[in-house]
Amino acid sequence: MPVRRYRSPFPICLLGVSLLPLTAVAQSADSVSSDSSNNLETVTVTGQSAATKTETPFVETPQSISTISQDEITEQGSRTVEEAARYTAGVFTNQYGATSTRYDALVLRGFTSGSIDNTYLDGLKLLNDEGTYSILQIDPYFLENIQVVKGPSSVLYGRASPGGLVALTSKRPLFTPYHQIQVSGGTQGYRSTGFDFSNQLGDSGRVAYRLVGKAMGSDSQFDRIQNERYTLAPSLTIDMTDDTSLTLMAYLQREPEGGYYGGVPADGALHDHAGRKISNSFYDGEPDYEEFNRRQTMLGYELTHRFNDVWSARQNFRYVNAATDYGQVYFSQWLNDREFSRAYFGADEKLDAYAVDNQLQANFSTGTLDHTVLMGLDYQHRQVKSKQSYGSFPALDAFDPSYGADGTIDPYADVNRKLEQTGVYLQDQIALDRWRFTLGGRQDWVDIDNRDTLNDTHNTGDDTQFSGRAGVLYLFDNGVAPYLSYSESFNPNSNTDENGDLLEPTEGKQYEAGLKYQPPGTEDQYSIAVFHIAQENVANYIQDIQSYRAVGKVRSRGIELEARHHFTDQFRVQASYTYTDVEYEKSDAGYEGNTVNSVPKNMASVWGNYAFDSGPLRGLDVGAGVRYNGESYVDEANTDKVSDYTLVDAALHYDLGELGLTGVEARLNINNLLDKDYVASCYSAARCYFGAERSAIATLSYQF
């Protein structure tokens, strides 16, 4: 008798994408992120671009890229990576609404699959596991910048979502003194304290350290739910010679309380159920059984060596160990006008993983052609052990809840999941006068081994995949740069068919045309990109056989516009518009011709900041932003829609140095200023997510 496989109502973890840059080891004190907005500039990445793994300027890269600096993160009061990307073209950050505190889910170019597992840190994949709760998260306070690279990037990174990647760069040691402490407090009981210290060690000028820490706690929008987190990130840079540098890094994080990840049905959230709607603070679980305790440890290094003016080498390595204890009681189905049945799912998990990326780069010329050749060999190993349980709980009144019930919980699965990926890649960036050509290819070998000892099932799979990439760009003297590009992606599938065999990997192909413009001598940047992505072997769940088949095909096409403009030295604006049309072109599950749910077709945003530099308001910065998300579908069957919504954010910053308190700054950030009550998105008709209510956080910092 076949084992019935339970389909969790929660999109636990999806599949992801590519990597990120190494940044310059030594930085000047002027480049350090601080709370001062007066000197905030459009970011210029001084290290490697995530799109090329080499030092390639924005205007010379034939691919759509957006960069978010630490100053922008601070200015907008972003508490998660997801929040930091709210004003970025091509990115939908409200897939899980107010529950998005424990994971960062960024939908890139309409691909919801991979929205959690598309993040990279310091050039290496975070190694989240699709299908379990072993998903890592990085606090943006510990980051120097965030790059969002749109479109397939398997040539440099192997298994990846066709939508793109989110590349995080950690703060690095500085060789000049930098010390900052800060305290924050706000609505929902929010409180935090952080510090950021860096300087050189000794008098040699070759060793520097950085120690960043933060403690945070808060209540939440949802009744009886809290957040608590403690993080420490030490790093050490050793310039062993003028040509060789080693940076050691660690990221240690403990979260005794990890918020909430539940949703409510469309019938009650979007529309009245028996004449009433569910409150946006409603909690459908049981406090005694609610658990999310995550502990993550990451240890790694970056080693760089320059052999001569032509050859240089880099090696990135990181080891990851994490443990997650998860438990949640959640909505199952309506029983009557007021009550619904509830189920339980829990997991105790251990993640053990490591990744290494070896790069050899050559810069040389052949006649009139200038080459930047990158050769690489990378390897990833990930293993997750997950003991899972499933159960049922007594019904709950959605409009007058009473908690304290006990349920029946039984073992569900004892899973051991392993994944290995080995890849070799080659890329040549060619400059011919004003022309820029990018050519790349990669060969990957992926092995998957999934075993469930409780249910006596064992699935293995291996895949060999080639990925290609090509791009051409012309750089005019005035800073205008039109480009064309083609790129590919592949993504191993963790779902199984009716025979218990792993499905074939999904494959993606993208054609992109764009125009970039950066006026010479300015920090202004403008871009427009038009793209078409086709993803094949998409896994559809077939109800008749209660299993998956790789018979789907998804097409995503659209246009993205983004601008960063300085009207004056005091007033700057960033704006974006996104049109994304994502459709099932083939589906044996009956979705052919339908639009993919959780993806707004239209999104737009604008953020502006004005810094007073004279008069009685000198030292004051005022910021404001508007975000628009168009309507989206509730489910794959397109039975209903989530209404569009517009949100307003605001920020105030004041340099108390104008009052004689040198180094002291105050900031106030307000999200959803008008306190709009809305549904952010729906994963299905049974699971919709309320948007975040108004929040205000005041921060006082001291730099010395």
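The values are calculated or read from the model by the stated rules, or taken from the named source; none is laboratory data. Just so it is clear, the structure is predicted and the values come from calculations on it, not from any experiment. Cβ: placed from backbone, ideal geometry, glycine included. Neighbour counts: every protein chain shown.
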Considering residues of the range 487-515 that are modelled with pLDDT of 95 or more and among the aliphatic types (A, V, I, L, M) only, the residue nearest to Val606 (Cα to Cα):
Leu515
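How many of the residues in the range 567-594 are of a type in the set (Ser, Thr, Tyr), in a loop (DSSP other than H, G, I, E, B) and either out of contact with any Phe, Trp or Tyr (no Cβ under 9 Å at 6 or more places or on another chain) or surrounded by fewer than 16 Cβ atoms within 10 Å (Cβ to Cβ) (or both)?
Number satisfying all stated conditions: 2.
Here are Ala208, Ala215: which of them is in contact with a strand residue (DSSP E or B) (Cβ under 7 Å, 6 or more places away or on another chain), touching a residue at least 40 places away in the same chain (Cβ under 8 Å) and under 26 Å from Asp196 (Cβ atoms)? Talk me through it step by step, then tell me what you get.
Values: Ala215 fails: touching a residue at least 40 places away in the same chain (Cβ under 8 Å).
The match here is Ala208.
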Can you tell me which residues in the range 283-313 are in contact with a strand residue (DSSP E or B) (Cβ under 9 Å, 6 or more places away or on another chain), assigned to a loop (DSSP other than H, G, I, E, B) and under 30 Å from Leu360 (Cα atoms)?
Phe307, Asp309, Val310
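Look through Asn316, Asn321, Asn280 and report the one residue that is part of a loop (DSSP other than H, G, I, E, B) and out of contact with any helix residue (DSSP H, G or I) (no Cβ under 7 Å at 6 or more places or on another chain).
Working: Asn316 fails: part of a loop (DSSP other than H, G, I, E, B); Asn321 fails: part of a loop (DSSP other than H, G, I, E, B).
None of the other options fit; the residue is Asn280.
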Give me the residue from the range 481-498 that is touching an Asp or Glu at 6+ places or on another chain (Cβ under 9 Å) and farther than 14 Å from Ala51 by Cα and, out of that set, surrounded by the most Cβ atoms within 10 Å (Cβ to Cβ).
Asn491
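Return the only residue of Lys553, Lys516 being buried (at least 17 other Cβ atoms within 10 Å of the Cβ), of a type in the set (D, E, K, R) and more than 30 Å from Val626 (Cβ to Cβ). Even if it seems obvious, please write down each step before you answer.
Values: Lys516 fails: more than 30 Å from Val626 (Cβ to Cβ).
Only one candidate passes the filter, namely Lys553.
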Quick one: Gln518 ticks every box in (1) modelled with pLDDT of 95 or more; (2) closer than 30 Å to Trp435 by Cβ; (3) out of contact with any helix residue (DSSP H, G or I) (no Cβ under 8 Å at 6 or more places or on another chain) bar one, so which box is it?
(3)
Of (1) modelled with pLDDT of 95 or more; (2) under 29 Å from Tyr190 (Cα atoms), Ser643 fails just (2)
Output for the range 620-659, where each listed residue is out of contact with any Pro (no Cβ under 7 Å at 6 or more places or on another chain), touching a residue at least 60 places away in the same chain (Cβ under 8 Å) and not charged (D, E, K, R)
Gly623, Gly625, Val634, Val642, Ser643, Ala651, His653
If Glu693 satisfies all but one of (1) outside any strand (DSSP E or B); (2) buried (at least 19 other Cβ atoms within 10 Å of the Cβ); (3) not hydroxyl-bearing (Ser, Thr, Tyr), what's the number of the condition it fails?
(2)
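Suppose the filter is modelled with pLDDT of 95 or more and more than 19 Å from Tyr260 (Cα to Cα); does Leu396 pass it? Lay out the reasoning, then the answer.
Values: modelled with pLDDT of 95 or more: yes; more than 19 Å from Tyr260 (Cα to Cα): no.
Taking the combined requirement at face value, the residue does not satisfy it.
Hey, among Glu290, Glu257, Glu286, which residue is within 22 Å of the chain's Cα centre (by Cα) and among the charged types (D, E, K, R)? I'd like the intermediate steps shown before the answer.
Numbers: Glu290 fails: within 22 Å of the chain's Cα centre (by Cα); Glu286 fails: within 22 Å of the chain's Cα centre (by Cα).
That would be Glu257, the only listed residue that is within 22 Å of the chain's Cα centre (by Cα) and among the charged types (D, E, K, R).
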Within the range 160-171, is there a residue that is surrounded by fewer than 20 Cβ atoms within 10 Å (Cβ to Cβ) and closer than 20 Å to Ile73 by Cβ?
no
Return the residues of the range 343-379 that are under 30 Å from Thr453 (Cβ atoms) and buried (at least 22 other Cβ atoms within 10 Å of the Cβ); say none if nothing qualifies.
Tyr344, Ala347, Glu349, Leu351, Ala353, Ala355
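Just to verify a result, which residue in the range 245-277, among those that are in a strand (DSSP E or B) and hydrophobic (A, V, I, L, M, F, W, C), is surrounded by the most Cβ atoms within 10 Å (Cβ to Cβ)?
Keep residues of the range 245-277 that are in a strand (DSSP E or B), which gives 245-258, 264, 271, 273, 276.
Imposing the further condition that a residue be hydrophobic (A, V, I, L, M, F, W, C) reduces the set to 246, 248-250, 252, 264.
Numbers: Leu246: 16, Leu248: 16, Met249: 23, Ala250: 16, Leu252: 15, Val264: 27.
Applying the filter and picking the extreme gives Val264.
One line per residue, one yes/no per condition, for (1) among the acidic types (Asp, Glu); (2) under 24 Å from Asn499 (Cβ atoms); (3) touching a helix residue (DSSP H, G or I) at 6+ places or on another chain (Cβ under 7 Å); (4) surrounded by fewer than 19 Cβ atoms within 10 Å (Cβ to Cβ):
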residue: Phe393; (1), (2), (3), (4): no, no, no, no
residue: Pro411; (1), (2), (3), (4): no, no, no, yes
residue: Arg417; (1), (2), (3), (4): no, yes, no, no
residue: Glu420; (1), (2), (3), (4): yes, yes, no, yes
residue: Thr438; (1), (2), (3), (4): no, no, no, no
residue: Val446; (1), (2), (3), (4): no, yes, no, no
residue: Leu454; (1), (2), (3), (4): no, yes, no, yes
residue: Ala470; (1), (2), (3), (4): no, no, no, yes
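Within the range 640-660, track down each residue that is small (Gly, Ala, Ser) and surrounded by fewer than 21 Cβ atoms within 10 Å (Cβ to Cβ).
So in the range 640-660, the residues small (Gly, Ala, Ser) come out as 643, 650-651, 657, 660.
Matches in the range 640-660: Ser643, Ala650, Gly657, Gly660.
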Only one of (1) farther than 19 Å from Ala50 by Cα; (2) in contact with a Ser or Thr (Cβ under 7 Å, 6 or more places away or on another chain) fails for Thr422. Which number is that?
(2)
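Please tell me if Arg206 is over 19 Å from Pro234 (Cα atoms) and in contact with an Asp or Glu (Cβ under 8 Å, 6 or more places away or on another chain). Break it down stepwise before answering.
Details: over 19 Å from Pro234 (Cα atoms): no; in contact with an Asp or Glu (Cβ under 8 Å, 6 or more places away or on another chain): yes.
Considered against the rule, which asks whether it is over 19 Å from Pro234 (Cα atoms) and in contact with an Asp or Glu (Cβ under 8 Å, 6 or more places away or on another chain), Arg206 comes out as no.
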Just the residues that are of a type outside the set (A, V, I, L, M, F, W, C), in a strand (DSSP E or B) and within 30 Å of Asp71 (Cβ to Cβ), please, taken from the range 606-644.
Gly608, Asn609, Tyr610, Asp621, Gly623, Gly625, Arg627, Tyr628, Asn629
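Quick check on my filter: what residues within the range 426-468 are charged (D, E, K, R), within 30 Å of Thr368 (Cα to Cα) and assigned to a strand (DSSP E or B)? Write out each step before concluding.
Pass one, the range 426-468, residues charged (D, E, K, R): 428, 433-434, 436, 442, 444, 447, 449, 451-452, 456, 462-463.
This time we only want the ones that are within 30 Å of Thr368 (Cα to Cα), so: 428, 433-434, 436, 442.
If the condition is that a residue be charged (D, E, K, R), within 30 Å of Thr368 (Cα to Cα) and assigned to a strand (DSSP E or B), then Asp428, Arg436, Arg442 are the ones that fit.
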